[in-house]
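Here's the structure we're looking at; comments come further down.
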Amino acid sequence: MSQIYLVGGGIASLASAVYLIKDGKIAGKDIFIFDEAGRLGGSLDAEGSAKNGYMMQGYRMFEEKIYSCTLDLLSHIPGVHLKSVKDEILAFNEKNLVHSKSRLVENGKILNTPSLGLSWKIRSEIFTLMARNETTLGSSQIKDYFTPAFFKTDFWLEFCTTFAFKPQDSLAELRRYFLRFIQESPHINLLTGVRSTPYNQYESIVLPIYNYLSILGVNFKTKCQVTHLDFEKKNAKHLYYTHDKKSHKITLSKNDLVLVTAGSMIANFSIGSMTSAPILNLKKPTGAWTLWENMAKHHRDFGRPTFFTSQPNKTKLESFTITFKNKIFIKLLEKLTGNKAGEQGLITFKNSNWLMTVVLPKQPHFINQPKKVVVAWGYALYPDKKGNFVSRKMSECTGEEILTELCLHLGFEKELTKILKNSICLPCLMPYGASQFLPRRRGDRPAVVPKGSTNFAFTGQFCEIPEEIAFTVEYSIRSAQIAVYTLLNLAKKVTPIYHGQNNIKVLFDAFKASLK
């Protein structure tokens, strides 16, 4: 009887377990998921209370054509009110459509942005980039390719803040995003293609999958840290882990499999408070990174994890979650934007030194959230710059200072004191939050199933999947599909990637949009 060991408790391992059961016909009791934390979900986190403040490290948006693996997975997870979680998400979005009237804000005023601001030269640069072969781009940065004028356009401002790109990030990755989202280009300023979950992603995605797997008997071994694996060539032979300060060893049989989530974007994260800034933790990352480093010593095909953790000045990302204990902020924001909560998607402040973006989801965003309480989330691409109103680096700011900067960008000066008095803003600093966007170099990311391996695979956002976009839930779930189908030799194809660039109408609409 085969035993399957999944290392990491994030969406990649959860998805792997679903596919092992659904398509591989593996019994739940033969699947073991190890996670060093006491709670599953990885970066799909969300917790807290109205009293102490809610907290989310990230906020994800979806698009139906691009997130095909995600929707396929969720179509097999029972919903609470409908047949599946997929059905519940689609039904929620049919009733709560996004149509932003306020994508960009400057000096407390909504900017009318029907024009993307693209010259013929910039249009040529964009379409030429999409037509190029990725192998010709090497480890080029975005700023190496585009002229300075490109970075002053509203198109770049809207695109980079939707996906968290900076000019020093991977040109090859940007090309992938251009191709994957080409069908969304006609309404990038309206965000009408955006889909969201009824509640935060932990409660809307992670918990339903966990409940489904638990019923089927999957073994969850939390607070267990897998420290290393022994290999014979590229096949795993032993798995070592610690639990309650005791070391354990598993000897793998001939038919056992091991799937390891490589790396972690939230490693070394730190959470601040209204009165304290998060601490930048630059100690050597442990957990998923240490395990990957130990494995990478066995074979060069196992990637180079230190590449992703050695440049925190380039990969640092800061987010914040705000709990408003009354309706003052939401009423002011809805009046300013002309959108109800959940309708406007992302709001970016054009002149923000931090390049701050905020989103007010459909309320409630937490299942236990009281009716009078409102939750918002935001992030900034440049946390090491001083604010426009708060003369301090964002990474050194308290939650109160970040909320002050946000309110003053919105023009809510008169109500600032009341808002601060009745709110909790929790900042979260992630040294490796954007490490997936570092310039792509051949060999940094291992293949999902390294060539020659028959019982071992990598999953997550730091393995190599041709054409797919890394900073997404979709990437992790697709890696799980590939790993399971390959190792089990299933006569089943991985969910295909949508290629909008091969559709004449999509191309025409994208070109027409570029003329605005």
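The values are calculated or read from the model by the stated rules, or taken from the named source; none is laboratory data. Bear in mind the structure is a predicted one, so any value in this text is a computation, not a measurement. All Cβ positions, glycine included, derive from the backbone under ideal geometry; neighbour counts span all protein chains shown. The protein model used for the area step is the full one, side chains on, heavy atoms only, and it has no ligands, DNA or RNA in it. Shrake-Rupley method; radii C 1.70, N 1.55, O 1.52, S 1.80 Å.
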Considering only residues that are in a loop (DSSP other than H, G, I, E, B) and either within 21 Å of residue 141 (Cβ to Cβ) or within 19 Å of the chain's Cα centre (by Cα) (or both), which ones fall in the stretch 306-341?
310, 311, 316
What helices (runs of 4 or more DSSP H) lie completely within the stretch 411-516 and have 3 or more residues being at pLDDT 95 or above and buried (at least 24 other Cβ atoms within 10 Å of the Cβ)?
473-487
What residue, of 34, 62, is of a type in the set (Phe, Trp, Tyr) and open to solvent by less than 20 Å² (accessible area, probe 1.4 Å)?
34
Counted residues in the stretch 471-495 being out of contact with any strand residue (DSSP E or B) (no Cβ under 6 Å at 6 or more places or on another chain), among the hydrophobic types (A, V, I, L, M, F, W, C) and more than 19 Å from residue 41 (Cβ to Cβ) come to 6
Evaluation of residue 45 against (1) open to solvent by 40 Å² or more (accessible area, probe 1.4 Å); (2) closer than 23 Å to residue 260 by Cα (one fails), failing number
(1)
Answer yes or no: is there a residue in the stretch 194-203 that is among the acidic types (Asp, Glu), more than 21 Å from the chain's Cα centre (by Cα), under 30 Å from residue 54 (Cα atoms) and open to solvent by 10 Å² or more (accessible area, probe 1.4 Å).
no
Please give the number of the condition residue 298 fails out of (1) open to solvent by 70 Å² or more (accessible area, probe 1.4 Å); (2) out of contact with any strand residue (DSSP E or B) (no Cβ under 6 Å at 6 or more places or on another chain); (3) on the phi < 0 side of the Ramachandran plot.
(2)
Could you tell me which numbered condition residue 40 fails, if it satisfies all but one of (1) touching a residue at least 24 places away in the same chain (Cβ under 8 Å); (2) surrounded by 14 or more Cβ atoms within 10 Å (Cβ to Cβ); (3) touching a Lys or Arg at 6+ places or on another chain (Cβ under 6 Å)?
(3)
Enumeration of residues in the stretch 333-344 that are within 11 Å of residue 191 (Cβ to Cβ) and open to solvent by less than 10 Å² (accessible area, probe 1.4 Å):
339, 344
Top-ranked residue in the stretch 342-358 [being assigned to a loop (DSSP other than H, G, I, E, B) and of a type in the set (S, T, N, Q); ranked as farthest from the chain's Cα centre (by Cα)]:
351
Filter result for residue 250 (crowded, with 21+ Cβ neighbours inside 10 Å, out of contact with any Gly (no Cβ under 8 Å at 6 or more places or on another chain) and of a type outside the set (Lys, Arg))
no
Picked from the stretch 387-402 (must be among the hydroxyl-bearing types (Ser, Thr, Tyr) and either free of Cβ contacts under 8 Å to residues at least 24 places away in the same chain or in a loop (DSSP other than H, G, I, E, B) (or both)), the residue farthest from residue 354 (Cα to Cα) is 398
Taking the stretch 212-256 and keeping residues touching a Lys or Arg at 6+ places or on another chain (Cβ under 9 Å), aromatic (Phe, Trp, Tyr) and in contact (Cβ under 8 Å) with a residue 60 or more places away in the chain leaves 231, 241
So which residues in the stretch 84-133 are open to solvent by less than 10 Å² (accessible area, probe 1.4 Å), touching a residue at least 12 places away in the same chain (Cβ under 8 Å), assigned to a strand (DSSP E or B) and farther than 29 Å from residue 144 by Cβ, if there are any at all?
105
Can you find a residue that is more than 21 Å from the chain's Cα centre (by Cα) and over 27 Å from residue 6 (Cα atoms) anywhere in the stretch 39-50?
yes
Evaluate the following for residue 25: is it surrounded by fewer than 16 Cβ atoms within 10 Å (Cβ to Cβ), at pLDDT 95 or above and not in a strand (DSSP E or B)?
yes
Here the residues within the stretch 360-406 that are in contact with a Leu (Cβ under 7 Å, 6 or more places away or on another chain) and surrounded by fewer than 24 Cβ atoms within 10 Å (Cβ to Cβ) are 381, 382, 389, 395, 400, 404
Just for the stretch 1-22: of the residues that are open to solvent by less than 30 Å² (accessible area, probe 1.4 Å) and assigned to a loop (DSSP other than H, G, I, E, B), which one is nearest to residue 457 (Cα to Cα)?
8
Which listed residue is closer than 23 Å to residue 266 by Cα and not basic (Lys, Arg), from 82, 14:
14
Within the stretch 134-147, restricting to residues that are β-branched (Val, Ile, Thr) and touching a residue at least 24 places away in the same chain (Cβ under 8 Å), the one that is nearest to residue 441 (Cα to Cα) is 142
Counting only residues that are open to solvent by 20 Å² or more (accessible area, probe 1.4 Å) and part of a loop (DSSP other than H, G, I, E, B), how many does the stretch 154-187 have?
3
Where residue 449 falls short, out of the listed (1) touching a Leu at 6+ places or on another chain (Cβ under 7 Å); (2) without any contact (Cβ under 8 Å) to a residue 40 or more places away in the chain; (3) under 29 Å from residue 54 (Cβ atoms):
(3)
So if I check each of 259, 291, which one is in a strand (DSSP E or B), surrounded by 17 or more Cβ atoms within 10 Å (Cβ to Cβ) and in contact (Cβ under 8 Å) with a residue 24 or more places away in the chain?
259
